[in-house]
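What follows is a set of notes on a single structure, which appears directly below.
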Amino acid sequence: MLTCNHPLIPDRYDDRVEKYLRFTGFYHASQIGIVKCQKALVNALIERWYPDTHTFHLSIGECAVTLEDVAMILGLPTDGLPVTGMTINSVEALEVECLDQFGVAPRKAECRGSGIKLTWLRDQKERLQLQLENEESKQRYVKCHIMLLIGTILLGDKSGASVHWKFLPLLREFGSIVQFSWGSACLAHLYRALCRASRFDCKEIDGSLTLLVVWAFMRLPFLAPVPREPRGFSLANRWRNWERGDRRFRYTKLAHFRKAFDDLQEGQFVWVAYVVDRVDPNVITADIYMHSVVWSATVPLVSFECIEWHATDQFRQQFGFMQGVPHQERNLDKAHGEVLTGPKNLNWHPLDIYMHWYHTKYGHHLNLSDLVVQENVECDQGMDDVVQENEEAEDEEPQE
């Protein structure tokens with residue numbers, strides 16, 4: 001059985017900064033309460049995970065956590081700029097960044113390598129809460145809160161004690177925070193965590209276990225505890241504190257879930273989980289649907305060194321489409337095992353695999369030189385005619 005060290009206590013925020021949280025795209029994720037992890041269920045899902053396609057292999061077909069699930073369950077933006085940039089293995093650079101954004105830098109004892117301890121961030125958040133009087137203090141408070149969300153329920157690591165400072169530069173321009181695809185980064189980390197956890201020698205799993213567990217509850221309702229808050233959003237809050245009302249489910253064994261997956265019948269898995277008869281449309285806010293056009297796209301998910309494929313061609317039924325024969329599996333080569341351990345001072349943007357996909361997808365929109373040359377030739381030819389006409393007019397004798 002894999003250990004699932006998942007942070008239990010979500011970080012709350014001061015109501016005076018709600019407007020700022022909404023502006024960053026992290027408001028809905030900030031509403032998520034305590035969603036207890038069901039370790040046996042997670043282990044049963046990992047046994048069914050296929051790293052080459054990023055899908056769970058069940059008797060009824062392939063399925064996976066998608067960008068749609070991220071938007072509905074966590075309420076994060078799922079389109080925008082890739083979450084990437086420089087990763088500098090430097091305590092001095094970390095201190096400078098914190099000093100610039102929070103007005104104070106952590107001591108060496110308050111860091112873990114290139115990570116900032118969550119205890120230090122919580123201390124700064126409490127300090128800033130006492131001085132929420134101007135724009136700067138409110139923005140700094142929200143940045144602390146976002147870093148805590150990233151380090152716990154969204155992109156937390158196995159330690160559950162720190163968060164890498166590489167995310168801080170992306171928060172530097174407060175108005176630009178919402179422009180990043182934080183939902184894609186979160187899903188990339190979950191895919192990476194599942195791929196690693198599926199190895200025989202892995203003993204722990206990290207990533208957003210809230211996303212994984214609630215996905216399973218939404219898609220496999222016959223295996224889920226009774227929802228406690230069916231009208232809450234994000235949808236993760238349907239199972240806030242579920243273990244208080246269904247303690248037996250908390251202690252359900254791996255053998256139970258394993259047998260349930262073995263015997264799974266068509267109709268027990270909910271392919272289209274967010275239609276009107278399953279989720280009250282009045283519960284889902286309009287901003288969640290802003291990025292719905294990308295939910296079924298087969299694209300790379302990017303978060304610094306973490307690059308994973310959103311292989312929607314493998315599970316079209318989850319979007320209400322007919323499932324055909326999928327395309328050839330993507331080979332990520334070394335990118336699939338890239339890690340940040342060691343002194344890697346790298347700029348992860350542009351990423352080779354992302355740029356290859358980008359140019360393949362949009363290359364015909366990017367090469368405008370030929371078009372410009374053609375326009376210039378036509379323009380130059382037209383100008384030559386005008387010049388020639390003017391010269392002929394100048395050569396003519398004025399008539400009296």
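The values are calculated or read from the model by the stated rules, or taken from the named source; none is laboratory data. Note that this is a predicted model, so its numbers are computed, not measured. Note that we place each Cβ from the backbone using ideal geometry, even for glycine, and neighbour counts take in every protein chain shown. These area figures cover heavy atoms from the full protein model, side chains too; ligands, DNA and RNA do not enter into them. Shrake-Rupley method; radii C 1.70, N 1.55, O 1.52, S 1.80 Å.
Values computed for the structure shown
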item	result
Derived scalar couplings ³J(HN,Hα) [region 112-124; Karplus, 6.51 cos²θ - 1.76 cosθ + 1.60; whole Hz; x for Gly, Pro]	10, x, 8, x, 9, 5, 5, 5, 5, 4, 5, 5, 5
Rounded to the nearest 10 Å², the accessible area of Lys203 at probe 1.4 Å	150
Given Lys117/Lys143; Lys158/Lys203; Lys39/Lys203; Lys19/Lys117, the pairs whose alpha carbons are separated by over 20 Å	Lys19/Lys117
Förster radius 22 Å - calculated FRET efficiency between Arg248 and Glu18, Cβ distance, rounded to 0.05	0.05
Amide H contacts of Arg112 (H built 1.01 Å from N, under 5 Å, at least 5 apart or other chain)	Lys117
Asp11, Asp262, Asp157, ranked by accessible area, largest first (probe 1.4 Å)	Asp262, Asp157, Asp11
Net dipole in debye of region 234-280 [+1 Lys, Arg Cβ; -1 Asp, Glu Cβ; about Cα centre; nearest 20]	440
Surface accessible to a 1.4 Å probe, Arg199 within the full protein complex, Å²	130
FRET efficiency, Tyr50 to Glu135 (Cβ-Cβ, R0 41 Å, nearest 0.05)	0.25
Extension reserve of the Tyr289-Glu173 stretch, reckoned as 0.36 nm per residue once the Cα distance is removed	39.3 nm
14 Å beta-carbon shell around Ala273, net charge (K/R +1, D/E -1)	-1
Residue-count net charge about Lys39 - beta-carbon cut-off 14 Å; Lys, Arg +1, Asp, Glu -1	+1
Nonlocal amide H pairs with Leu301, under 5 Å, H built at 1.01 Å	Glu308, Trp309, His310
Under the Karplus curve 6.51 cos²θ - 1.76 cosθ + 1.60, θ = phi - 60°, whole-Hz ³J(HN,Hα) for region 185-197, x wherever Gly or Pro sits	5, 4, 5, 4, 5, 5, 4, 4, 5, 5, 5, 5, 5
Separation of the Glu126 and Val270 label points, Cα + 7 Å toward Cβ, nm	4.0
Heavy atoms of Glu135: accessible area, 1.4 Å probe, square angstrom to 10	100
Total charge dipole magnitude, region 231-310, about the Cα centre, Cβ charges on Lys, Arg, Asp, Glu only, Debye to nearest 20	620
Region 82-222 - charge dipole about Cα centre, Lys and Arg +1 at Cβ, Asp and Glu -1, debye rounded to 20	480
For region 26-34, Karplus couplings with θ = phi - 60° (6.51, -1.76, 1.60), whole Hz, Gly/Pro x	9, 5, 5, 5, 6, 8, 6, x, 7
Amide H partners (placed H, <5 Å) of Cys63, local residues excluded	Phe56, Leu58
Dipole of region 99-230, positive end: most advanced residue of Gln129, Gln139, Ser184 [Cβ charges, Cα centre]	Ser184
